[in-house]
Amino acid sequence: QVQLVESGGGLVQAGGSLRLSCAASGVTFSSVSMGWFRQAPGKEREFVSAISWSGSNTVYTDSVKGRFTISRANAKNTVYLQMNSLKPEDTAVYYCAGTLRWRTGTEKENYDYWGQGTQVTVSS
């Protein structure tokens, strides 16, 4: 059974930083491309960032480019999202997701596995 467990969320002031982690189990992690999505209250879940199984390809939504960095440590079965210069509009529940099929990495319908989410709140 595949499990994805996020951690690292919390409350931070605008301009601050957080690092999210997502630990995977029950799957050959090095074969899984990983993504981060977020969902704010009253809004649809949206794509944030993704990294291919090898780590050679990364993609970001425009609003986080230059502020967020996705990375992975296959030896630790973990994917990270370093979030800097946080803004109040980054407030959301952040979910990690995994897929065995890397296309663009941005379509949530393409992901097979999902974590339970971690809350990120950025105060102004």
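The values are calculated or read from the model by the stated rules, or taken from the named source; none is laboratory data. Nothing here was measured: the structure is a model prediction, and the numbers come from that model. Here the Cβ positions follow ideal geometry from the backbone for every residue, glycine too, while neighbour counts run over all protein chains shown. Just so you know, the surface numbers come from the protein's heavy atoms only, side chains and all, with ligands and any DNA or RNA stripped out. Shrake-Rupley method; radii C 1.70, N 1.55, O 1.52, S 1.80 Å.
Here is how the numbers come out for the structure above:
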item: Residues (of a type outside the set (G, A, S) and touching a Leu at 6+ places or on another chain (Cβ under 9 Å)) located in the stretch 7-48; result: V12, Q13, L18, R19, L20, C22, V27, V32, M34, W36, V48
item: Filtered residue count, the stretch 59-113, keeping only those that are among the hydroxyl-bearing types (S, T, Y) and at pLDDT below 95; result: 2
item: Residue count for the stretch 96-115, restricted to those that are in a strand (DSSP E or B) and open to solvent by 10 Å² or more (accessible area, probe 1.4 Å); result: 2
item: Single residue of the stretch 26-44 satisfying the filter (within 16 Å of the chain's Cα centre (by Cα) and surrounded by fewer than 17 Cβ atoms within 10 Å (Cβ to Cβ)) that is farthest from E107 (Cα to Cα); result: A40
item: Residues of the stretch 13-25 satisfying the condition of being open to solvent by 20 Å² or more (accessible area, probe 1.4 Å) and not in a loop (DSSP other than H, G, I, E, B); result: Q13, L18, R19, S21, A23, S25
item: Scan of the stretch 1-12 for residues that are open to solvent by 50 Å² or more (accessible area, probe 1.4 Å) and of a type outside the set (G, A, S), ordered by number; result: Q1, Q3, V5, L11
item: Of residues in the stretch 45-95 being part of a helix (DSSP H, G or I) and of a type in the set (D, E), the one surrounded by the most Cβ atoms within 10 Å (Cβ to Cβ); result: D90
item: V120 vs. criteria in contact with a helix residue (DSSP H, G or I) (Cβ under 7 Å, 6 or more places away or on another chain) and in contact (Cβ under 8 Å) with a residue 12 or more places away in the chain; result: yes
